[in-house]
């Protein structure tokens, strides 16, 4: 039986999209699985629908379409709709017009260290400023998202977030599972045009690691979503529970590409007491309407990382 097509990731460049006096050329790239044809369209905030003509290109983003935005085009949140067979996915991006709002700009961004064993945390630091009418100053109190793009893959995932202090500085920690590019992003808002930092490459290193597996279940309890399960590893001849290991929770919005799981900034440690079933975990998040959840263990220099199956939001 022929595998069903799947839309794994969608990315749009440039980001952010800022309209001024000239045209802006968009590149819409999509990663798929088992797809021989891809169709799509752009939806503007004013309801205009623009067909997209996708052509195959070398991976990791194996389809490309282009579109030109003009100075008179609508501001706001645009959508890319992609369809491969029965699989559909939506990706949103912001379009702003220069002049009315201050523009965010990353004065600095770095990841420390640049080489780290798989499963370890890195520290991501930077400084954000606002620029308007030629003057610049610290961007205080703005949310910053830390996004990661694995080497030789298409699309980015949000793995951490932070808020700038009074001097525009921010800091966050995130686990490393694979080598790839990290960058900081600020979304556009009513008074600010968003920005992205330059990417910083971090290499994930490890010796040969033993296998792990995740059992995972999700249920609703009152006003919360309860995530529970058990982490096991095979350091020797048999599987055993792994205690004191951190499990992270990720969520995918309804209609998003299958690989677009982003952090909800929630994690917990597995139990380390054999009497209480070593390796078990449980934590609560807010509820979501539709979409899917999954959990991930990023591993260590000895234990391999592992991702659970996706579970529909209860």
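The values are calculated or read from the model by the stated rules, or taken from the named source; none is laboratory data. Here the structure is a predicted model, which is why all the values come from computation and not from measurement. Glycine also receives a Cβ, built like all others from the backbone with ideal geometry; neighbour counts cover every protein chain displayed.
Annotations for the structure displayed:
- Where strands (runs of 3 or more DSSP E) sit wholly within the range 145-207, those with at least 2 residues that are closer than 19 Å to residue 253 by Cβ occupy 157-163.
- Annotation note: Cβ proximity below 6 Å between a residue of the range 100-111 that is on the phi < 0 side of the Ramachandran plot and touching a residue at least 24 places away in the same chain (Cβ under 8 Å) and a residue that is surrounded by fewer than 17 Cβ atoms within 10 Å (Cβ to Cβ) and in a loop (DSSP other than H, G, I, E, B) (sequence gap 6+ or interchain) occurs for 101/191.
- Qualifying positions in the range 95-107 - over 21 Å from the mean Cα position of the chain (by Cα) and part of a strand (DSSP E or B): 96, 97, 102, 103, 107
- Positions within the range 16-32 being in contact (Cβ under 8 Å) with a residue 40 or more places away in the chain and closer than 18 Å to residue 81 by Cβ, in sequence order: 17, 26, 28, 29, 30, 31, 32
- Residue match in the range 37-55 (condition: buried (at least 19 other Cβ atoms within 10 Å of the Cβ), in the same structural domain as residue 170 (by TED's automatic domain parsing), free of Cβ contacts under 8 Å to residues at least 40 places away in the same chain and part of a strand (DSSP E or B)): no
- Residue 116 vs. criteria modelled with pLDDT under 95 and in contact with a strand residue (DSSP E or B) (Cβ under 9 Å, 6 or more places away or on another chain): yes
- Condition check for residue 126: touching a residue at least 24 places away in the same chain (Cβ under 8 Å), out of contact with any strand residue (DSSP E or B) (no Cβ under 6 Å at 6 or more places or on another chain) and buried (at least 20 other Cβ atoms within 10 Å of the Cβ): no
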